[in-house]
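The values are calculated or read from the model by the stated rules, or taken from the named source; none is laboratory data. Keep in mind that what you see is a predicted model, and the values were worked out from it rather than measured. Note that each Cβ is placed from the backbone with ideal geometry, even for glycine, and that neighbours are counted across all protein chains shown. Just the protein is used for accessible areas: all its heavy atoms, side chains included, with ligands, DNA and RNA removed. Shrake-Rupley method; radii C 1.70, N 1.55, O 1.52, S 1.80 Å.
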Amino acid sequence: MRISSKSLYHIDLQQKKLREPSSTISTDNLKNFTTMIIEELFEKRIKARDFTPVSETTEFMNGIEEILNGNEQKGFDIIANRLLREELRAQENIKQLSDIQTGSLLQIYNNINNTNYLIIAKVDHIDFLDEADFAKRSGIPFKQKILKSCFVSFHDDNKIDEIKIHENRNKLTKYWWEDFLELRHLNSDEQNTKRLNDGLDKLLVKTLKKKYLSDYYFFKNAMLTYLRQQEEDFRFENLVTDVVDRYEPHNPNMPLDIIRRKILEMPERHEIDKSFPIVKSQIKLRKKDVIALNDKIDLVLKDVIVNLKNIVMPHKYEGEKYLLIKSEKGYHTFSREFLNEEN
């Protein structure tokens, strides 16, 4: 892989300055390290979240403009110095609680598969004991740990196509995307959650409601219950693993494979980020589910019900079919025993 231009700085918060890597690092080692970073980031890019600049005149955008105009090192320096300032500011804000994780900033401007990319990655930085002279030194582990990354792709006219942010943790660090890179979410958490909720509803109506009615109600309720209980960032692959793959269908012909595939296609089909925090108020039934029990009685499901299968249970007794509903209020309303106690 040919790398057009790159920059590597250690962010030294104690000395409040940028440090260039040791001059003893060989060109081949740095090239191999950079290639590994690019390959890993391309894999992580699939799970990254989409962002857009808050303005075309931010310092980050100015740095990009310099890079695109052929002044790569000037642009790299603008971006690296901004990160140093923002990490110092962030460290000051949290100094009583913890420390900003130390690391090095790697910037790569490269053409991959006929598309220009700017890759910005903060990678782990460690102290180690040099076995040659037992001196304490610092550096980047070759089997690196990417802490945070930003992936910018460009159209042929150098206009930004997309900006993606990824971190090696469940939640994105605000100082990285908002303070340092001066970006905002392309989709808000509310938009993502609403599109997810509506997309799942349409998918289940289309695939289940006509032929697999009991699975439609129980599976939909299991899925919405799972989404309401999410505390970490939502990921589509986790929804498949935790709900779809664990669901035991009432009807063995229920098309779980189709549902699994359609769920994984939802980010592209519905313009949803692949990872985002769930806004629980947006997880709800699009409309009440009305289930006819006979010509004169309907069962109305007004909201998501935890463990629906333990609340509503079909039952046979002496050749007759019943629907048992766990309800203390209903029991008190219709129980002769309770009525006698009241009187």
Original post:
Taking springs between alpha-carbon atoms closer than 10 angstrom, which of Thr102, Thr34, Thr57 fluctuates most in the Gaussian network model of the chain?
Top reply: Thr57
Original post:
Within region 207-225, whose backbone N sits under 14 Å from a point 7 Å along Cα→Cβ of Ile258?
Top reply: 207-213, 216
**OP:** Mind giving me the FRET efficiency for Lys145 and Lys47? R0 is 22 Å, r the Cβ-Cβ distance, nearest 0.05 is fine.
**Re:** 0.85
**OP:** Would you mind giving the average projected area, over all directions, of the Cα convex hull of region 239-303 in nm² with one decimal?
**Re:** 6.5
**OP:** Report the longest stretch of the chain that contains none of the chymotrypsin sites (Phe, Trp or Tyr not before Pro) sitting in a DSSP loop with at most 10 other Cβ atoms within 10 Å.
**Re:** 143-343
**OP:** Could you calculate the FRET efficiency of Leu88 with Glu190 from 1/(1 + (r/R0)^6), where r is the beta carbon distance between them and R0 is 35 Å, rounded to 0.05?
**Re:** 0.60
Subject >> Accessible solvent surface per residue of the chain, calculated while the other protein chains remain in place, 1.4 angstrom probe, Å² >> reply: 60
Subject >> For the chain, the fraction of alpha-carbon pairs in successive 20 Å shells from zero, as % >> reply: 24, 41, 24, 10, 1
**OP:** Could you calculate the contour length gain from Ile112 to Arg228, that is, 0.36 nm times the residue separation minus the distance between their Cα atoms, to one decimal place in nm?
**Re:** 37.8 nm
Subject >> Extension gain, Asp295 back to Arg169 (0.36 nm per residue minus Cα-Cα distance, nm) >> reply: 40.0 nm
**OP:** Rounding to the nearest 20 debye, state how big the charge dipole of the chain is about its Cα centre with +1 on each Lys and Arg Cβ and -1 on each Asp and Glu Cβ.
**Re:** 1020
Original post:
Carbon and sulfur: what percent of the chain's accessible surface (1.4 Å probe)?
Top reply: 47
Original post:
Using θ = phi - 60° and the Karplus curve 6.51 cos²θ - 1.76 cosθ + 1.60, what whole-Hz ³J(HN,Hα) does each residue of region 237-248 get, with Gly and Pro shown as x?
Top reply: 5, 6, 4, 5, 5, 7, 10, 4, 6, 9, 6, 9
Original post:
In whole Å, what three semi-axes, largest first, describe the equivalent ellipsoid of region 224-343 built from its Cα gyration tensor (square root of 5 times each eigenvalue)?
Top reply: 36, 19, 13
Original post:
If we count GluC sites (Glu not before Pro) as exposed when they sit in a DSSP loop and have at most 15 other beta carbons within 10 Å, what is the longest stretch of the chain that avoids them all?
Top reply: 132-230
